[in-house]
Amino acid sequence: MTGCDLQDNVCLERYTNLKLEELAKEIPSDKTLYNNSEVFKAISDPLRLKILYLLKNGELCACHIDFALKKPQSTISHHLAILKKSNLVNWRKKGKWTFFSLANPKIIKQIETIIKMQEDE
């Protein structure tokens, strides 16, 4: 951080009302931040966002996701694996087919809130 002259306590004197120790206590745990950063990474890709949007109305077979997004099966499988790893989607096998659904439908509303924030700027 620049602009702090700790030798003369100029910075510390100017901001004595900040209560930095109290603010620092409000920071979530490292584990919580790590877990959430994994979710943010997972939703940082436009194709993965599209997959989540497709799943907002219910369970779909992976082949339906391939077809709807006009992407190769290998590409969709890669992105679904990332969404599974971050616990954003549930999956189940039925014979040779794999079906996916949102682990928590609230994720769509949270994504839409972020998009709305960007549109309001």
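We did not get these values from a lab; they are worked out from the coordinates using the rules stated. What you see is a predicted model; the values in this text were computed from it and never measured. Cβ atoms come from the backbone with ideal geometry, glycine included; neighbour counts cover every protein chain shown.
All of I65, I43, I51, I82 fail the test of being in contact (Cβ under 8 Å) with a residue 60 or more places away in the chain and surrounded by 13 or more Cβ atoms within 10 Å (Cβ to Cβ), apart from I43. If you go through the range 85-121 and keep only what is among the β-branched types (V, I, T), surrounded by 13 or more Cβ atoms within 10 Å (Cβ to Cβ) and within 16 Å of the chain's Cα centre (by Cα), you end up with V89, I107, I108, I111.
Kindly establish whether I114 is among the hydrophobic types (A, V, I, L, M, F, W, C) and either without any contact (Cβ under 8 Å) to a residue 40 or more places away in the chain or out of contact with any helix residue (DSSP H, G or I) (no Cβ under 6 Å at 6 or more places or on another chain) (or both). Answer is yes for this residue.
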